[in-house]
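Below you'll find the structure, written out as structure tokens, and then a few comments.
The values are calculated or read from the model by the stated rules, or taken from the named source; none is laboratory data. Every value quoted in this text rests on a predicted model; they were computed, and no experiment measured them. Don't worry about glycine lacking a Cβ; one is built from the backbone with ideal geometry, like all the others, and counts go over all protein chains shown. Accessible surface is based on the protein model in full, side chains and every heavy atom, while ligands, DNA and RNA are left aside. Shrake-Rupley method; radii C 1.70, N 1.55, O 1.52, S 1.80 Å.
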Amino acid sequence: MTAAPVAVPPPPRRDPRLDALRGLLQLIIFTSHAYGSFIGAWLLPKVWGLSDSSEQFVFLSGLALGSVFARNRLRSGYGAASRDLGRRAFRLWRTHLVVFALFSVMVFAVAWATRDADAVVRNHFAFLAEAPLLAALGAAAMLYQPAFMGILPVFVCCMLMLPGFMWLLGMAGTWALAAPILLWSGVQIWGWAPPSLGGTEVAFNPLAWQILFLSGAWLGQRLLLGQGPLPFARWLTIGALAMVLFGLVVQLSEYGFLPIAAIDATGPRAKEDLALAVVLHSFAVAWLAARLLPAPQAAVWGWAINRALGRIGRHSLTVFCVGLFLSFGTSSLFRLVRGDVAPDAPFVLDVVAIGLGSALLYLLAWWLERPKPAKAPMRMDTSTMLRE
């Protein structure tokens, strides 16, 4: 007796909410990397909570790739799905190396042009100048991560973990989430972390950050297979609201805006190692977004601003890479104008610099989506052929 064929779900329809969220996250990432900006220092979500755009982007990426892997496995088998993901991870790793090489050139060029020799040391590129071969090998191994070079490696590492997690998910169901939880716990309890080179640290410890990515992958497969909403939705919403409120109180106490002692809820490596409060806040924000955003067919997603954000979101990788260069350029401009101490220059400098950078990222996405001209059909000159 042969087993009945497994029905392959159709590919999920493009969700304008996810595209717009990705686009918004990309602009927030660009602004938060433009160090020295008043906007980045006071007006971004991370200032008023315990997590920021990076956590949400990792979670959403896991959701998308988990859905892709699950469908490929049902259609072509586990091996084919793993090979497809391996090719995706390789392309991303290759992109990281290209960005690393070009960004290094930019750092040294800016240091020379502005006569700011300390820029190389400040951004941790001195190791590249002192030991270029070892630095290049370290970059290839994703263990040498100077400034701005930490985010793509965590995606590559998480993608390489995904096939094993999806296999475990197929064997154990939701209990498979115990594996990423235990790995994350090892970071928190015993300080597990990959080694690093050149006086740098791995900016986003993949042994911790995988909990966001793999949780997203679990949810992505669940959504693909139509397994229904999560249980206890009402209580999850109440808990998420409480966590977001707690994050706001922590930040307000830290800034001295509340008449209470500052609350230390994270620790010194909260971002790198994804402390418990950061994880819970990240999941809380993601849950509230899923519950409170209008449905995909709502008219709000047709507004010009959301169409623009969606266009940026559909080209997240390219926009992110270019945004790194724009962020560094903007930071260099702020440092040139303001020096090391913050904002004596007019606030309009922030508005112009951040606004112009955001506009350039939108134009890049627009250019990538421009209609391609149809190729004219080849015409065969039969008269010449006949003469021959």
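In segment 210-339, the portion of solvent-accessible area held by carbon and sulfur atoms comes to 70 percent [1.4 Å probe, whole percent, DNA, RNA and ligands not counted].
A P(r) calculated from all alpha carbon pairs of segment 243-285, with 10 Å bins opening at zero, reads 30, 51, 18 percent. Our coupling estimate for segment 239-251, obtained by passing each phi through the Karplus curve with A = 6.51, B = -1.76, C = 1.60 and θ = phi - 60°, is x, 5, 4, 5, 5, 5, 5, 4, x, 5, 5, 4, 5 Hz, Gly and Pro reported as x. For the chain, the per residue solvent-accessible surface stands at 54 Å², with DNA, RNA and ligands left out and a 1.4 Å probe. In the elastic network of the chain, a GNM with C-alpha springs shorter than 10 Å, the most mobile of ILE354, ILE28, ILE260 is ILE260. Counting only protein heavy atoms, what percent of the accessible surface of segment 67-110 is carbon or sulfur at a 1.4 Å probe? Looking at segment 67-110 in its full context, I get 65 percent from C and S. Of the peptides 127-137, 44-54, the ranking by mean beta-carbon count within 10 Å, highest at the top, reads 44-54, 127-137.
Just VAL121, VAL250, VAL348 to compare: in a GNM of the chain, with alpha carbon springs under 10 Å, which one fluctuates most? Fluctuation is largest for VAL348. Applying the criteria of a DSSP loop state and at most 14 other Cβ atoms within 10 Å to the trypsin sites (Lys or Arg not before Pro) of segment 67-161 yields ARG115. Remark: segment 311-328, residue by residue, has Karplus-estimated 3J(HN,Hα) of 5, 5, x, 6, 10, 4, 5, 5, 4, 4, 4, 5, x, 4, 5, 5, 5, 5 Hz, where x stands for each Gly or Pro and the curve is 6.51 cos²θ - 1.76 cosθ + 1.60 at θ = phi - 60°.
Can you classify segment 154-275 as rounded, prolate or oblate using the Cα gyration tensor, where a ≥ b ≥ c are the square roots of its eigenvalues, rounded means a/c under 1.5, and otherwise it's prolate if a/b beats b/c and oblate if not? Judged from the Cα gyration tensor, segment 154-275 comes out oblate (a/c at least 1.5, b/c at or above a/b).
Placing a label point 7 Å from the Cα of ALA290 along the Cα-to-Cβ direction, the residues of segment 197-212 whose backbone N falls under 18 Å of that point are 210-212. Among SER215, SER76, the order of accessible area from largest down is SER76, SER215, computed with a 1.4 Å probe on protein heavy atoms. Calculated mean residue ellipticity at 222 nm for the chain: -22000 deg cm²/dmol, from DSSP H runs with n ≥ 4 weighted as -39500 (n - 2.57), summed, divided by the residue count and rounded to 500. When the square roots of the Cα gyration tensor eigenvalues are ordered a ≥ b ≥ c, the ratio a/c for the chain is under 1.5, which makes its shape rounded.
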